[in-house]
Amino acid sequence: ATMPPLLSAIANAGRHGVLVKSAVVMERLGQVDAVALDKTGTLTEGIPQLTELRPLTGSGVTEGELLALAAAAEHPSEHPLARAVVDAARTRGLTIAPARDFAATPGVGVTATVGGRTVAVGAPARLLVGRQSAAAAAAVAELEQAGRSAVLVALDGVPIGVLGVADRVRPDAAATVTALSALTGAAPMLLTGDNPRAAAQLAAEVGITDVRAALLPQDKVRAVREQEAAGHKVLVIGDGVNDAPALAAAHTGVAMGRAGSDLALETADAVVVRDELATVPAVVALSRRARSLVV
Ligand code: ADP
Ligand code: MG
């Protein structure tokens, strides 16, 4: 027997390296007319590297102590930035102390108790709220100006240092943006929790002009809902825990599989298993072709 077009399209998508979870999803992929992409782990490879270590003057910590504390708190986290911090500590041969009371807030950062003290690691704009730290603000501004994601480290509520982290743009990111624009007839949006400067730099590199930065997970949802309310069918592509609500709110949600969080993979309608972003427009095109064959 010949396979129904949508089923053979699913098999075909699988050969492209994309797991499409159902025939309904296979059909919906071809209907999208707007696209929103996450930055870290989606347009970038999601293998960020630690590039700078800036203990604040007067904090009393060395570069090594700053990194070791951050790594201890980040150790249980599955966020790509957390992995950069932990890997850098391991590379330097630092001892990563056990952490208790670990808690992660998507789009913000983590907190944990390390050696009886509270360590917070995360987005400077979120952790510095209501706090006067000119030294921290200056270090953050300098790193962000250089296109880094700045990560603040606080000990018992007091900022002690800033880490700089950088990630490579996926080699197929710009081509994917172009292909998705052509397929949908709309300019893709960038939705990121990262800082506006790092977001603008990345967006320029991949050809995105509609940039929304410093977003919390619910802000990503709002951006998607606004598009949907304007009559669009939005394709959301993301990887993080912070993307899960937007993936759920989207007409169709696609998660990046390799670095993707379990929550994103479960929530998404399809998963990119081969870790190539360009498979997404390919699968949208496959859906269009299959739908044209459905009678
Ligand atoms: P994106 O939307 O680009 O994937 P996220 O929403 O995951 O980014 O994170 C937004 C920001 O929150 C990061 O740029 C970082 O500053 C901060 N953040 C979130 N989780 C962590 C973490 N585990 N360690 C350090 N920073 C974090
Ligand atoms: Mg991400």
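FYI, it's all coordinate maths here, none of it is from the lab. The structure presented is a predicted model; accordingly, all values stated were derived computationally and were not measured. Using ideal geometry, Cβ is built from the backbone for each residue, glycine included, and neighbour counts are taken over all protein chains shown.
Here are a few things to note about the model shown:
- Peptide ranges 142-150, 242-250, 200-208 listed from the most packed, as the mean C-beta count within 10 angstrom indicates: 242-250, 142-150, 200-208
- Among 118-128, 32-42, 221-231, the peptide with the highest mean count of other Cβ atoms within 10 Å heads the list, and the full ranking is 32-42, 118-128, 221-231.
- Only helical runs count toward this figure. For the chain, summing -39,500 (n - 2.57) over DSSP H runs of n ≥ 4 and dividing by all residues gives -12000 deg cm²/dmol at 222 nm.
- Evaluated on region 159-235, the Kirkwood hydrodynamic radius is 13.9 Å, with distances taken between all distinct Cα atoms.
- Convex hull per residue volume in Å³, alpha carbons only, for region 49-166: 92 Å³
- Compactness of the chain was expressed as the Cα radius of gyration divided by 2.2 N^0.38 Å, which yields 1.06.
- Rounded to the nearest 10 degrees, the inclination of helix 173-184 to the longest alpha-carbon principal axis of the chain is 40 degrees.
- C-alpha long axis of helix 134-145 to longest principal axis of the chain, angle in °: 40 degrees
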